[in-house]
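One structure below.
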Amino acid sequence: MSLPAVLLAAGSSPSPTPSESTTPAVPSIQDAQESATQAASWVEQNWSTWLAIGLKVLLILVIAGVLRVLIRRAITKLIDRMNRTAQAVDGTAIGGLLVNVERRRQRSQAIGSVLRSVASFLIMGTAALMVLSAFDINLAPLLASAGVAGVAIGFGARNLVTDFLSGVFMILEDQYGVGDSIDAGVASGEVIEVGLRVTKLRGDNGEIWYVRNGEVKRIGNLSQGWSTAGVDVTVRPSENLDRVKAVLNGVGEAMSKEEPWNELLWGPIEVLGLDSVLLDSMVVRVSAKTMPGKSLTVERELRWRIKRAFDAADIPIVGRTPLTVEEQPATDPTAGMAAPSAYSNTSSPQAQAATPLAPPSVTK
C-alpha cells in the first residue's frame, strides 16, 4: 500500500468528540454486584476472627477494670482501718503518750497513695500489652524502645527517682513522722510534713527547712523510744554529800507524784553521784528517763525545784569560777634604781675637793 492510501485511510477514521474523551466510564450494575459479592465473601471469611479478637479485647479490659477497682478499694479500706485504729488508741491515756494521730494519718495516706499508683500502673500496663498482642502486633520493638526510654529517663531524672525511693522507704520503715524532732544532718528541727520527695522541718528559730529525701544520709530521731533529762548541780566542796543527796531525792519523789510530771517521767529521778570534783566546787549529776521530746521541759522544772529546795535547806549553789588570787602590795618602781652620785653635781663639795686631771703636755 502506498503512502497516500495510508494517509487517506487514517484521515477517514472518526475522531472522538470532546464529551466522549473527558467523561469517565460509568460502572455497570454487574460491576457493583461483583464488588458487593467480594465484600460479603471477605466479611463471611473473617467475621469470626474479628469477633474473637473483639471479645478477647473486651474481656481483657473488663477484667483489668474490675481488678483495678477491687484492689484500690481494698487498699482504701486498709488505710481507713489503720486510721480508725490510731483514733481509737488516741482516746486512751497511753495513746496520748505513744501515738501521734497526725503522724499515723499522713503515713497511712502516703503508703496508700503509693500502693494505689503501683497497682494501677501494673494492672493497666499489663492489660495494654495483652490488647496489643491480641492484634498480633510484635511487642519486641515496643519493649526495646520502652527500655531505652526508661534508661534515658532514669539517667536524666536520677535525683528525682532517688528522692522518691528514699521517701518510700522512710515512710515504710517509719524512720520519723510528724511531730518528731530529728537531726537530718543538713538540717534539724521538728517534722511538720513528710512527703515522698521532700520533708519539711521547723527549725529552732521558726524557719522551715525543705529537705530532699535523697540528700539525707543519716537521721537522728530524738522522739522515738524515750529521752533522758540530765541536770548538773554544782555545790561547794565542803558540803555534806549525804545531806545534798537527801534533798535531791526528796525533790525527785515529790516531782514524780505530781501531775503532769508523773506522766512525763517514765522512770524515777536518780542521783547518779559526783560527776566531777574541783578545788572550788563539786558537781552532782541527776538524771531521769522521760517521754520522748520532753527532756528539756523536765530539766527546766527539775532545776526550778532543786534551787527552791536548796534555798530552803541553806545549801548554796556555786559556779565554776576561778580561785581569787590574794592581792600583793604594789612595789616601788624606783626600788631597783641606784642613788644619785654626789659627783654628778659640779657644785657639790665632793666635786670641788676632787683634784682635776692635768691635761697632758704637748711636746714640740
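The values are calculated or read from the model by the stated rules, or taken from the named source; none is laboratory data. Since the structure is predicted, the reported quantities are computational estimates derived from the model, not experimental observations. Cβ coordinates were reconstructed from backbone atoms using ideal geometry, including for glycine residues, and neighbour counts include every protein chain displayed. To get the accessible areas, we keep the full protein, side chains included, count just its heavy atoms, and leave off ligands, DNA and RNA. Shrake-Rupley method; radii C 1.70, N 1.55, O 1.52, S 1.80 Å.
A quick yes/no check of all residues on (1) under 27 Å from Val211 (Cα atoms); (2) part of a loop (DSSP other than H, G, I, E, B); (3) touching a residue at least 40 places away in the same chain (Cβ under 8 Å):
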position: Asp136; (1), (2), (3): no, yes, no
position: Asp163; (1), (2), (3): yes, no, yes
position: Phe169; (1), (2), (3): yes, no, no
position: Gln175; (1), (2), (3): yes, yes, yes
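Among the residues of the range 154-171, which ones are surrounded by fewer than 16 Cβ atoms within 10 Å (Cβ to Cβ), under 27 Å from Gly225 (Cα atoms) and not aliphatic (A, V, I, L, M)?
Within the range 154-171, just Phe169 meets the criteria.
Looking at (1) among the β-branched types (Val, Ile, Thr); (2) open to solvent by 30 Å² or more (accessible area, probe 1.4 Å); (3) in contact (Cβ under 8 Å) with a residue 60 or more places away in the chain, find the lone condition where Thr234 falls short.
All conditions pass for Thr234, except number (2).
Might you check whether a residue that is surrounded by 11 or more Cβ atoms within 10 Å (Cβ to Cβ), over 30 Å from Glu190 (Cβ atoms), touching a Pro at 6+ places or on another chain (Cβ under 8 Å) and of a type in the set (A, V, I, L, M, F, W, C) occurs anywhere in the range 248-268?
no
Out of (1) open to solvent by less than 10 Å² (accessible area, probe 1.4 Å); (2) under 12 Å from the mean Cα position of the chain (by Cα), the odd one out for Val244 is which?
(2)
Listed residues Lys257, Lys289, Lys200; which is touching a Leu at 6+ places or on another chain (Cβ under 8 Å) and among the basic types (Lys, Arg)?
Lys289
Yes/no per residue for (1) at pLDDT below 85; (2) surrounded by 14 or more Cβ atoms within 10 Å (Cβ to Cβ):
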site: Arg107; (1), (2): yes, yes
site: Met130; (1), (2): no, yes
site: Phe135; (1), (2): yes, no
site: Leu139; (1), (2): yes, no
site: Glu173; (1), (2): yes, no
site: Ser188; (1), (2): no, yes
site: Val194; (1), (2): yes, yes
site: Leu201; (1), (2): no, yes
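Which of the residues spanning the range 288-300 are part of a strand (DSSP E or B) and surrounded by 19 or more Cβ atoms within 10 Å (Cβ to Cβ)?
Residues satisfying the conditions are Ala288, Thr290.
Under 7 Å by Cβ, and 6 or more places apart or on different chains, what pairs join a residue from the range 71-92 that is more than 16 Å from Gln109 (Cβ to Cβ) and at pLDDT 85 or above with one that is part of a helix (DSSP H, G or I) and open to solvent by less than 60 Å² (accessible area, probe 1.4 Å)?
As it stands, the answer is Ile71/Ala119, since those pairs meet every condition given.
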